[in-house]
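The structure appears below as structure tokens.
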Amino acid sequence: VHGGTSLMDLIQAYGRHGSSSSSSSDDGLAPSFMGAIDSAPAVEAPGTGGSTGLALALATIPGAGSSRIVTHNLTADEMWAQNEGPHHPFRRDGVTRVRTNSIAGQVDVIAVSESRFDAERLAYVQSGRRSDTALGALSDSRTVGRALAAQAEPAVASRKRKLNNDALSEDYKGPWAEYEDMGREIVITPEHAELIARLKRQKKVEGSDVSDAKEPAAPAAPAAAAAASAAGEPASDPFSAAAAAAAAAAASTAVGGAAQTPETSTFHGEELFDYQGRSWVVPPSTLKPVDEPCYVPKACIHTWKGHGKGIASIELFPVFGHLLLSASMDGRVKIWDVVGNRKCRRTYEGHSQAVRSASFNHDGTRMLSCSYDRTAKLWDVETGTVLMRYDLGAVPLCARFGTSSENLEEFVVGLADSRIVHHSTREDARIQEYKEHLGPVNSIAVVDNGRRFISTGDDKALRIWDWGVPVQIKAIREPHMQSMPAITMHPGAKFIAAQSIDNQIIVYSCTDKYGLNRKKRFAGHNNASYAIEPAFSPDGQFIVSGDSTGSAWIWSWKTSQRLAVLRGHKTVVISARWHPILNSQLVTASWDGTMKLWD
């Protein structure tokens with residue numbers, strides 16, 4: 001009992017149904033309780049008279065604009081069903097339930113390979129169709145997009161070319177063959193024939209001014225066109241086989257009639273012989289070979305100018321060095337005085353394109369020039385006449401005469417087609433051919449008293465050959481090696497210095513054991529992508545090389561330390577030569593068309 005109220009009274013008050021008031025205790029301290037509420041709606045089932053059935057539920061469908069009577073209670077699926085649209089593909093009862101996992105709707109994860117995806121995308125882009133994933137093939141019934149409109153259009157047949165799969169045939173054109181439906185032939189008109197003739201002359205005489213030359217008149221009208229006009233055919237149509245043949249013949253006649261570059265030589269001195277009857281090629285009596293140490297030059301004392309384009313190579317007269325031989329990209333070879341008035345003595349012209357290299361023979365009486373016109377010519381230095389002409393079939397990149405008594409009248413030429421050809425100065429016939437390089441042969445050095453020679457090429461290999469034997473005796477190819485476009489032998493005949501295109505000069509021994517000398521390396525200059533030929537001082541104490549900035553670098557052969565940098569040229573210094581007698585003088589040649597004498 002609590003406050004005068006028994007426990008039974010409290011229980012009865014808690015379970016009283018529909019009571020909205022609370023029983024009070026005698027003293028007014030009894031708590032009040034809420035009555036129980038039945039939340040089930042009073043509905044009426046249809047057909048029961050409305051007494052005990054469920055009542056009809058009234059539902060308002062959004063967007064319908066009016067209310068409709070629903071004869072049953074709505075389920076959760078019906079409440080969340082879409083107002084309109086297709087049925088859910090995975091429900092057989094036709095009820096669609098909203099299930100989305102992306103902004104665009106339901107996205108199903110399907111495993112597909114990259115190649116299958118590319119094929120599906122290509123099919124849709126080309127034909128507007130998508131693949132039937134159930135059948136795994138393209139189906140016309142599932143076309144989408146622009147393919148619906150494309151079905152009504154007739155198919156357009158693809159153009160076919162006139163194929164000729166015989167690569168050895170003269171008519172083989174490969175992927176450049178004409179189409180079968182071409183109704184006319186493209187021929188050369190008289191204006192085109194004149195243009196072709198002019199371009200061929202420019203290619204044949206590169207570097208010369210052909211604009212002032214007298215050009216042949218263009219053919220007024222092909223003979224075949226005149227004949228067609230007489231027969232009643234339209235003469236104004238330039239597209240005919242006969243007109244093409246006539247125009248081509250006219251162009252060929254105009255080009256073939258042009259004479260080749262004349263082989264001339266001009267002497268620029270005062271007299272060919274002095275008062276004692278000595279030729280201008282004979283060295284002065286004041287120059288005598290001496291055995292004295294060399295010194296590093298410090299300043300430029302003279303500059304030679306006369307070439308129209310850059311200098312490709314230079315070489316001093318053997319033993320005495322009183323004459324300087326220069327080959328230029330203007331197609332000319334010149335000889336300059338070094339110890340006298342330092343003027344040009346003679347000019348040799350006979351190449352139609354740039355001269356790549358020029359070199360003296362052992363006594364300086366003959367000179368060999370190699371040009372980009374794929375020819376080499378042997379000149380008489382004194383008279384300037386051409387003694388021999390060699391058609392090499394490829395661009396010559398370097399040439400060297402033999403140095404032993406047995407091969408003084410022979411020379412080897414490195415070609416751009418990876419071959420080395422061996423010729424004689426007595427006849428045009430080829431003596432030997434060396435085929436081991438896998439790229440253009442850039443440089444050759446004769447070693448071992450003329451019994452062997454070393455060649456380098458773009459295949460990043462250094463190969464040693466016996467003179468006259470077309471089988472290499474050794475090939476040096478290492479992963480760290482780069483292309484070596486120029487090599488020079490040391491005066492001691494035991495080493496060669498190779499200009500590597502990774503901005504360094506490396507040294508190889510050229511005795512019986514050919515190999516890399518890891519103790520000597522000369523770096524600091526920039527020679528990448530240039531065939532800069534290094535040179536040694538006569539006593540072998542110094543090594544010099546140009547670089548791409550117009551400077552000449554001098555190192556000590558013993559310590560590999562840089563001693564001097566001579567700056568004076570505007571662009572790359574492609575070659576350098578130390579004077580054999582005047583031991584402190586150095587000659588440098590550059591692509592700026594000048595040569596400088598340093599002392």
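The values are calculated or read from the model by the stated rules, or taken from the named source; none is laboratory data. What you see is a predicted model; the values in this text were computed from it and never measured. Cβ coordinates were reconstructed from backbone atoms using ideal geometry, including for glycine residues, and neighbour counts include every protein chain displayed. SASA here: full protein model, heavy atoms, side chains in, ligands and nucleic acids out. Shrake-Rupley method; radii C 1.70, N 1.55, O 1.52, S 1.80 Å.
Comparing Cα centroids, region 417-460 and region 351-406 end up 14 angstrom apart. Taking the accessible area of region 497-580, probe 1.4 Å, and keeping the other protein chains in place, the carbon and sulfur fraction comes to 45%.
Heavy-atom accessible area with a 1.4 Å probe sorts R400, R345, R562, largest first, into R562, R400, R345. For C344, neighbours were defined as the other residues whose beta-carbon sits under 14 Å from its Cβ, and their charges (Lys and Arg +1, Asp and Glu -1) total +3.
Placing unit charges on the Cβ atoms only, positive for Lys and Arg and negative for Asp and Glu, gives region 259-408 a dipole magnitude near 460 debye about its Cα centre.
Under a 5 Å amide H cut-off, with hydrogens placed 1.01 Å from N, A354 pairs with Y372 among residues at least 5 apart or on other chains. Estimated from the Cβ-Cβ distance and a Förster radius of 45 angstrom, the FRET efficiency linking F117 and S169 is about 0.55. When each of the peptides 469-475, 320-326, 416-422, 508-514 is scored by the mean number of other C-beta atoms lying within 10 Å of its residues, the order from highest to lowest reads 320-326, 416-422, 508-514, 469-475.
Length available on full extension from E271 to N517: 0.36 nm per residue minus the Cα-Cα distance, which gives 83.5 nm. Calculated FRET efficiency, Q561 to K200, Cβ-Cβ distance, R0 = 45 Å: about 0.25 to the nearest 0.05. Shown is the FRET efficiency for C300 and H192, computed with R0 = 51 Å from the Cβ-Cβ distance and rounded to the nearest 0.05: 0.45. Taking a probe of 1.4 angstrom, what is the accessible area of M79 in Å², to the nearest 10? About 120 Å², ignoring ligands and nucleic acids. Ranked by the mean number of other Cβ atoms within 10 Å of their residues, highest first, the peptides 448-454, 546-552, 114-120 come out as 546-552, 448-454, 114-120.
Excluding ligands, DNA and RNA, the accessible surface per residue across region 400-486 is 42 Å² with a 1.4 Å probe. For region 453-599, averaging the sequence separation of C-alpha pairs within contact (under 8 Å, six or more residues apart) and dividing by the residue count gives a relative contact order of 13 percent. Modelled spin labels at R278 and T549, positioned 7 Å past Cα toward Cβ, are 4.4 nm from each other. On the protein heavy atoms, probe 1.4 angstrom, tell me the percent of accessible surface of region 346-430 carried by carbon and sulfur. Carbon-and-sulfur percentage of accessible area, whole number: 42.
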